[in-house]
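Chemist: Got a structure here, written out as structure tokens. Questions coming.
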Amino acid sequence: MSSSGVVFSYFDPFAVFDSVKNEFLQVFPFKNIHWKTSSGLVRTIENLQVRLASEDGESNGEDPFIKFLVVTCKSVDDYRSRVRPLIRQWLPTLQERDAAQSMSMPVLLLYANSEVVDSNLFKSISLMDKFSKDFPDVKTMEIRSVYKSPQEKNEFWSQLSNQLKSSILAIFQKRLEKYLHQMDVITADSNSKFEDQLLMREKILNLYLDFKIDEEATSSLDKLKLDVQSNNKNIEIPIGSLEVPFKYSDNVHDLSVAQMFRDNTTSTFLLYKYFFYRKFELIKLKSTKNQQCIRMFSLARLFLKTINKLFKDSPNLLEFQYSFIDLMLERLPEGELSDSNISLEIKAEFLLLQRDVWLHGVFLTTGYKILRKDYKTEPVYKFDIVKKSYKDELTFQENFLKRTKEILSLFNKADGNRKRIVDILSIEVGTLYYQMEQYEKAVSIFISSYEYYTQSKWDSIGLYILQIFVLSLSKCPNLTTLQIDGDDIEIASLIANSNLEILKLLSDDKEKLEKWNSFLELQDNIKVPLLHSVDGLLHINVPKTSYISKPNTYAIKLEVNNFGIPSTIEANSMILSLKNSEDKFMKFTAKDIKIVPDKNEIVLQNKDIFYGSFYPVMLEIVVKNSTLVKEFTNNDESKLEIIKLYQPSNFSVEVRQSHQFSLDGNSLDVVYHNLKAVETFSVTVDVIPNSGKYPVSLSATSNLYSISFDNNTKMDNIPYQILDGNTNFTLRVSTNFWKKNDASSYSDVTIVKIGCYLPVSVSVEDVFKKDMFYFKFHLNSAIEKEPILLCSSKLSPPKDDDKYSVSGNFNPKTPLCLSFDSNNSCLNCYQIKSSGIFDSNDIFDLTVKFNSLKEQLDILVTDAILVQGDVNWYEKFEQWKIFWEQDILSQLYYNYMEFQKNRKIILLPNTLDIQKFQQRLLSFAIDVSVIRRIITCLKSIEKGVTLNSIDVTAYTKNMISKQLVVPVTLPEFEEFFYVEFFKESKETLKIGESVKFKIQIKNLCHQWSQCESQGSFCFEITNSNEWVVHGRKKLRFSTPEEEIEVSIIPLKKGYLTLPKIEITNYKGDLTRIDNPNAYETFLVY
């Protein structure tokens, strides 16, 4: 019995089974049989193979699960005379046999031809019922070869398959219960034989194997092995001898552990073979071919390891290993997945094991050798098999290549993770080609593998490959180039490159120097430069920041540790390439460099500057006709920051928000520093889009996003217009220039952030008087969290017009702090007189000078707290002041209220990460004293620093103010009158007594650009509950001046204001009136 399936037997005395045998076999194998264990778990038998054997033929000693008797019946006489006696004769024999052995199920197969199907042989009962009545303990099934339709045929055989499934599962359960019961009986009987216990264990195991029930079969095998191991502790088992060649049978009766113990033929080898065989059968139960392959190889390797250890002194060990692997190769799963990656890889692994066994045997018996392939010479093993494969050395070499190439082919087809094995095997092939003096073939092999091993740090293999590679190249005079990755590479370049790789792997300085000199000597023969990594030769440390080495030139100090070359490297040039997040590249260079052994500090410079964070990409060191290269990985630890530094002699073009603000438009100031130092320059200013849109246009009249100018078209101011209500934008300012008496070109790219908002809010009111005019301006901050300092305000009359005189300019001794709150604002009033007329077309300019409170505090923090007048310290700090202003001061958020109340400079809580600033400063090449004072300053203002008013005034007196110019015009023409009450007597006013007043009315329209008023006007004294008016209360007039007299009687005591007056034009509209008595009060007794 084996895992190939279960056995059904059949007896066909009437020779009718062959007519339906093909259809009968189509129901096998059975699919998806479900069996429930005693613990309630359901096991699914996905595929149960069935082997059909003739009852009088060979059954290999296996007990059929079902025994069929195939009969046919054509008449009643035929049934009575032949069929029934035959069945009665067959059944007792079967039952007797089953009583002694395991149980089988007898089944009658009634072959029913068309006559039998369509008629009843017995008048009162059908033939099938007759069988059931005569043989009630035997199941009867019908088989036929005639069907009414294909559908009926399919349904018929499907039904038969289900009946057989049910039957096979029932007999399986009965056998299992019987075996388990017998096992319990044997175990409980202290006088039972050990062999009987093993035999019953084997029966249970075989039953599970037949039905491919993996879990239970594994458990049974474990129990069987445990029984054997427990028994072996008490007896001495001989080791036995190796079986050469190793044999394997699918029939369990060829190898039984119970039989071995019964016959006293047990040995250690046979036990290991037995359990190997059993585990191998278990592996065949796995559902996928890949799983079978993996476990088969693992089992075989473990078995070989065990045998090698036990029989290490056996002369037949190599022959056993070779034959065993041969057998495993034959037993590898076949079918659809035999060409899968895993199957191919496992086959290659077996072949590799077998090849190494073959090599070991050949080396021991012949003395043939392959470079770097060695095996122990003791003990001496026999190896008389496959002698034809090594009858002479050439045959041996050819077979070695054939075997190795077959293994390589399988590994390559598998496309797995065995690239290293592939390379090792390729090296062995290349080594043999070198040994056979086939140097060009050796080169073709090594060219694809030597680089991998040198990069993989397999130094011993890498050194060996390189040495063989160089020797092979040197012995190929006809080779001038080799094609690598599609490029033709010179042989001289390859040898030079390989010499450097060998140099990396050598430890002796003398040998290293020889290889370095050989590398240099080959340079003259190299036409196309070759790149070579400096890894293993030089250690490169890139600094975190740069510094200014001379005006407009930035430099970095590169640390180079020459630990690999015991000689001074004379390099033509050195180039360090950097890249930022926008893929902009920048290069620092040096020429005529000498790199001595050990540590070096090399200064690289750059005149084409970008600012920001960069990552080193590549360092190139040009040595004669070769370039030594260091490639860097992109990570935060290698980040190098190029920050803008101050140098008094630098030429630069600064684009900034203009200090002159105007309601007419926005503009940028262009400031040139050290302009006399340059011969020519050109500047391009680009607007950087924000989320794909341009925030501003560099033109007040059109959409313009880039503007250029040079020394011939120099610009001092760039107008711009804000698009879509943006409050800030970013510019890229690119400057290219040539200095006087300097042939080099320079460039500078700076990113500038501009805030495009008006920081001051201005509102205006106007007041008319008899011969003068007043403007009232209301000033405060336009930004809620940014107070401003009002330095002065001034109203200027129109240019080239001296008829106006203006008074009321505001110029406080100390700047006035204004906030967004209307309760903390400033009101400026200006009186305007004119020697002529007031013209609404005349434009006055309100000039407001101011600063933000943050600007003042930044100055105080810098000058009063940081620098403190220390000139010597400032000299160290000066080059970093741009960084201080742009990167540190911009991150300070002050408590403005605290400063206004107590002149205390303190930051808002949790707005500054001093530790982060300190780490960044320490990464720069800044003097330690500068870093220490900066950190101290930041810690001080975080806690709070109180200044006195003298310090505040002194340190900010030279603060450059910004200026806002607001154009204002006089109001458009309005009808305007002057009206005044004159009391004619000086008598005291008493309640109820009449008082005379004279009222003068003057038309002042002539003081405006429109001198004449149209139509007549109506003067009226309005009613009041405080006065009674006697006289002309209402008057229509058209003359420039009028005068009327009225008597007024007070109706209340106390302070009373005069009655209100109104003047309307001919349309009935109210006019503007200047009434000096409007708020005058009289005391009434």
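Chemist: Would you be able to say whether some residue in the stretch 303-312 is under 29 Å from Ala414 (Cα atoms) and buried (at least 21 other Cβ atoms within 10 Å of the Cβ)?
Modeler: No, the stretch 303-312 contains no residue that is under 29 Å from Ala414 (Cα atoms) and buried (at least 21 other Cβ atoms within 10 Å of the Cβ).
Chemist: Separate question: What number of residues in the stretch 624-647 are of a type in the set (D, E, K, R) and touching a Phe, Trp or Tyr at 6+ places or on another chain (Cβ under 7 Å)?
Modeler: The qualifying residues number 2.
Chemist: Does at least one position in the stretch 714-725 carry a residue that is more than 18 Å from Glu654 (Cβ to Cβ) and of a type in the set (D, E, K, R)?
Modeler: Checked the stretch 714-725: at least one residue is more than 18 Å from Glu654 (Cβ to Cβ) and of a type in the set (D, E, K, R).
Chemist: So which residues in the stretch 940-986 are small (Gly, Ala, Ser) and in contact (Cβ under 8 Å) with a residue 40 or more places away in the chain, if there are any at all?
Modeler: Ser940, Gly944, Ser949, Ser961
Chemist: Taking Val596, is it loosely packed, with under 15 Cβ neighbours inside 10 Å, aliphatic (A, V, I, L, M) and more than 30 Å from Val443 (Cβ to Cβ)?
Modeler: It is true that Val596 is loosely packed, with under 15 Cβ neighbours inside 10 Å, aliphatic (A, V, I, L, M) and more than 30 Å from Val443 (Cβ to Cβ).
Chemist: Using beta carbons and a limit of 7 Å, which pairs, at least six apart or on different chains, have the first residue in the stretch 178-192 and within 16 Å of Tyr208 (Cα to Cα) and the second one basic (Lys, Arg) and surrounded by 12 or more Cβ atoms within 10 Å (Cβ to Cβ)?
Modeler: Filtered contacts from the stretch 178-192: Tyr179/Lys203.
Chemist: Something else: Scan Ile593, Ile556 and give me the residue that is β-branched (Val, Ile, Thr), farther than 17 Å from Leu537 by Cβ and modelled with pLDDT of 90 or more.
Modeler: Being β-branched (Val, Ile, Thr), farther than 17 Å from Leu537 by Cβ and modelled with pLDDT of 90 or more holds for just one of Ile593, Ile556, which is Ile556.
Chemist: Now for a separate question. State all residues of the stretch 129-174 that are of a type in the set (Val, Ile, Thr) and part of a helix (DSSP H, G or I); if no residue qualifies, say none.
Modeler: First, pick out the residues of the stretch 129-174 that are of a type in the set (Val, Ile, Thr): 138, 140, 143, 146, 168, 171.
Answer for the stretch 129-174, where residues must be of a type in the set (Val, Ile, Thr) and part of a helix (DSSP H, G or I): Ile168, Ile171.
Chemist: The conditions are (1) at pLDDT 85 or above; (2) surrounded by fewer than 21 Cβ atoms within 10 Å (Cβ to Cβ), and Ser190 fails exactly one of them. Which is it?
Modeler: (1)
Chemist: Test Glu319 against the stated conditions and say whether it is acidic (Asp, Glu) and modelled with pLDDT under 90.
Modeler: Here the answer is no, as Glu319 does not meet what is asked.
Chemist: Being without any contact (Cβ under 8 Å) to a residue 24 or more places away in the chain, among the polar types (S, T, N, Q) and either out of contact with any Phe, Trp or Tyr (no Cβ under 8 Å at 6 or more places or on another chain) or assigned by TED's automatic domain parsing to the domain that holds Phe24 (or both): is that true of Gln173 here?
Modeler: no
Chemist: Within 36 Å of the chain's Cα centre (by Cα) and aliphatic (A, V, I, L, M): which single residue out of Leu576, Leu506, Leu522 fits that description?
Modeler: Unique residue meeting the criteria: Leu576.
Chemist: Of the residues in the stretch 766-794, how many are out of contact with any Pro (no Cβ under 6 Å at 6 or more places or on another chain), closer than 19 Å to Glu972 by Cα and either in a strand (DSSP E or B) or aliphatic (A, V, I, L, M) (or both)?
Modeler: 8
Chemist: Conditions first: (1) out of contact with any His (no Cβ under 8 Å at 6 or more places or on another chain); (2) more than 21 Å from Gln868 (Cα to Cα); (3) assigned by TED's automatic domain parsing to the domain that holds Ile888. Lys962 passes all but one, so which condition is the exception?
Modeler: With respect to (1) out of contact with any His (no Cβ under 8 Å at 6 or more places or on another chain); (2) more than 21 Å from Gln868 (Cα to Cα); (3) assigned by TED's automatic domain parsing to the domain that holds Ile888, Lys962 is out only on (1).
Chemist: When you go through (1) more than 57 Å from the chain's Cα centre (by Cα); (2) in a helix (DSSP H, G or I); (3) crowded, with 16+ Cβ neighbours inside 10 Å one by one for Leu242, which number turns out not to apply?
Modeler: Failed condition: (2).
Chemist: Turning to a different aspect of this structure: Just checking, how many residues over the stretch 670-689 are more than 18 Å from Trp738 (Cα to Cα), loosely packed, with under 15 Cβ neighbours inside 10 Å and not hydrophobic (A, V, I, L, M, F, W, C)?
Modeler: 1
Chemist: At pLDDT below 95, touching a strand residue (DSSP E or B) at 6+ places or on another chain (Cβ under 7 Å) and among the basic types (Lys, Arg), is that true of Lys693?
Modeler: When the stated conditions are applied, Lys693 does not pass them.
Chemist: Please determine, by comparing only the residues of the stretch 49-107 that are basic (Lys, Arg) and assigned to a strand (DSSP E or B), which one is modelled with the highest pLDDT.
Modeler: Checked the stretch 49-107; the qualifying residue modelled with the highest pLDDT is Lys67.
Here's the yes/no breakdown for (1) under 30 Å from Gly836 (Cβ atoms); (2) part of a helix (DSSP H, G or I); (3) β-branched (Val, Ile, Thr); (4) modelled with pLDDT of 85 or more:
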position: Lys1002; (1), (2), (3), (4): yes, no, no, yes
position: His1006; (1), (2), (3), (4): yes, yes, no, no
position: Gln1010; (1), (2), (3), (4): yes, no, no, no
position: Gln1014; (1), (2), (3), (4): yes, no, no, no
position: Glu1020; (1), (2), (3), (4): no, no, no, yes
position: Asn1025; (1), (2), (3), (4): no, no, no, yes
position: Glu1043; (1), (2), (3), (4): yes, no, no, yes
position: Ser1047; (1), (2), (3), (4): no, no, no, yes
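Chemist: For the stretch 372-385, does any single residue satisfy the condition of being more than 50 Å from the chain's Cα centre (by Cα), surrounded by 14 or more Cβ atoms within 10 Å (Cβ to Cβ) and in a helix (DSSP H, G or I)?
Modeler: No, the stretch 372-385 contains no residue that is more than 50 Å from the chain's Cα centre (by Cα), surrounded by 14 or more Cβ atoms within 10 Å (Cβ to Cβ) and in a helix (DSSP H, G or I).
Chemist: Let me ask something additional. Being among the small types (Gly, Ala, Ser) and in contact with a Phe, Trp or Tyr (Cβ under 8 Å, 6 or more places away or on another chain) is the requirement here; does Ala300 meet it?
Modeler: yes
Chemist: Right, next: Among the strands (runs of 3 or more DSSP E) lying completely within the stretch 590-682, list those that include at least 3 residues that are over 17 Å from Ser546 (Cα atoms).
Modeler: 598-606, 612-623, 626-631, 652-657, 660-662, 666-673
Chemist: Can you pull out every residue in the stretch 731-773 that is within 36 Å of the chain's Cα centre (by Cα) and not β-branched (Val, Ile, Thr)?
Modeler: Leu731, Arg732, Ser734, Ser747, Asp748, Lys753, Gly755
The values are calculated or read from the model by the stated rules, or taken from the named source; none is laboratory data. Model, not experiment: these values are computed from the prediction. Note that each Cβ is placed from the backbone with ideal geometry, even for glycine, and that neighbours are counted across all protein chains shown.
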